[in-house]
Amino acid sequence: MFARKHPDTESIHFGWREAVAYAGTALLFLTRKRPKLPLTALSRMSAMDVRALPPIRHFTASDGETLAYRTYYGLEDRQIVMIHGSACFGDQLHKLARHIAEESAATVHTIDMRGHGHNARGSAPAESYARDVGEFCGQLKQRPTRPQVILAGHSAGGGLVL
């Protein structure tokens with residue numbers, strides 16, 4: 001990740017700049033408080049206090065489809081859009097999203113993709129997922145503060161983000 005090819009050879013060069021960057025990143029993550037997350041989706045759901053869930057909000061895609069999402073308010077200049085896996089829905093990301101917002105690291109949005117969670121009406125072509133996420137992020141970028149928008153995904157949601 002931080003390694004680079006030395007210009008005169010085919011060997012990999014790992015210099016002081018890369019070492020300092022790696023150490024700084026490691027230090028950042030070692031000093032931050034981390035949430036304790038149950039290992040499986042089912043254990044996350046059964047351990048969740050549903051009273052702590054933010055209210056469901058709705059986003060209308062360009063084709064008229066309405067998608068449910070929740071917002072966890074934190075730092076307004078940074079917006080994280082979390083995408084769930086293929087057999088999941090946004091509420092399964094609740095504990096992590098709440099933790100990020102409470103640490104004031106970002107405002108976090110957890111979307112239920114088409115055919116999942118509160119949008120569990122049938123299925124949708126895969127390309128509609130990417131379009132929905134793009135449109136949702138586009139609306140976030142139109143806010144007066146022009147926030148930084150970061151995508152995060154779990155499992156198939158990670159594939160969609162990539």
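The values are calculated or read from the model by the stated rules, or taken from the named source; none is laboratory data. This one's a predicted model, so the numbers in the text were calculated from it and none came from an experiment. As a convention, Cβ positions derive from the backbone with ideal geometry for all residues, glycine included, and neighbour counts pool all protein chains shown. When the accessible area is computed, the model is the full protein with side chains, heavy atoms only, and any ligands, DNA or RNA have been set aside. Shrake-Rupley method; radii C 1.70, N 1.55, O 1.52, S 1.80 Å.
Remarks
- Gyration tensor verdict on segment 47-162 (Cα atoms; rounded if a/c is under 1.5, prolate if a/b is larger than b/c, oblate otherwise): oblate
- Note on segment 47-162: with neighbouring protein chains present and a 1.4 Å probe, carbon and sulfur make up 54 percent of its accessible heavy-atom surface.
- 1.4 Å probe accessible area per residue over segment 58-136, in Å²: 42 Å²
- For the pair S86 and A61 in one chain, pulling the backbone fully straight at 0.36 nm per residue adds 7.0 nm over the alpha carbon distance.
- Placed amide H near G153: partners under 5 Å, 5+ positions off or other chain: I83
- Top positive-direction residue, dipole computed over segment 52-115 with Cβ charges, set I100, A68, A52: A52
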